[in-house]
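See structure below.
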Amino acid sequence: MSSEGSIVSAKETFQIIREISKILNTGLDETSLAICVRLCENNVNPEALAKIVTELKRVKREELSSNSRSDM
């Protein structure tokens, strides 16, 4: 496969991953999803990564909730 063909294939694969992410309602933007994919390609444990992403989202929600309550 040519390098151009590899690039097209990689883009198509990422589009599929992005669609799966949307269907699963992950809430990840394209940049975050790309980072997660790269981490998995570099042998990061996907389950551990999912737990970290979930925890970061929880912390962000709590901070946003806390900030909105302190504004009242």
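The values are calculated or read from the model by the stated rules, or taken from the named source; none is laboratory data. The model shown is predicted, which means the values in this text are computed figures rather than measured ones. With ideal geometry, Cβ positions are generated from the backbone for all residues, glycine too; neighbour counts draw on all protein chains shown. Ligands, DNA and RNA are stripped out before the accessible areas are found, and what is left, the full protein with its side chains, is counted by its heavy atoms. Shrake-Rupley method; radii C 1.70, N 1.55, O 1.52, S 1.80 Å.
What are the aspartates and glutamates whose alpha-carbon lies under 19 Å from the alpha-carbon of LYS11, with same-chain residues fewer than 8 places away excluded? Here the aspartates and glutamates satisfying the reach criterion relative to LYS11 are GLU19, ASP29, GLU30, GLU41. When the Cα positions of SER32, ASN43, LEU64 are compared along the charge dipole of the chain, LEU64 comes out farthest toward the positive end, with charges on each C-beta of Lys, Arg, Asp and Glu.
Accessible area per residue of the chain at 1.4 Å probe, in Å²?
Values: 6140 Å² over 72 residues.
Each residue of the chain exposes 85 Å² on average to a 1.4 Å probe.
Taking Cα atoms only, the orientation of helix 30-41 departs from the longest principal axis of the chain by about 60 degrees.
Counting pairs of Cα atoms in region 3-68, how many percent are more than 15 Å apart?
Numbers: 1342 of 2145 pairs.
More than 15 Å apart: 63 percent of the Cα pairs in region 3-68.
Net charge dipole, region 3-68: roughly 200 debye, given to the nearest 20, about the Cα centre with Cβ charges of +1 for Lys and Arg and -1 for Asp and Glu.
With a simple spin-label model that places each label point 7 Å from the Cα along the Cα-to-Cβ direction, the separation between ALA50 and GLU62 comes to 2.2 nm. Can you tell me the FRET efficiency between ILE17 and SER70 if r is taken as the Cβ-Cβ distance and R0 is 25 Å, rounded to the nearest 0.05? Step by step, r from the Cβ atoms, then E = 0.10.
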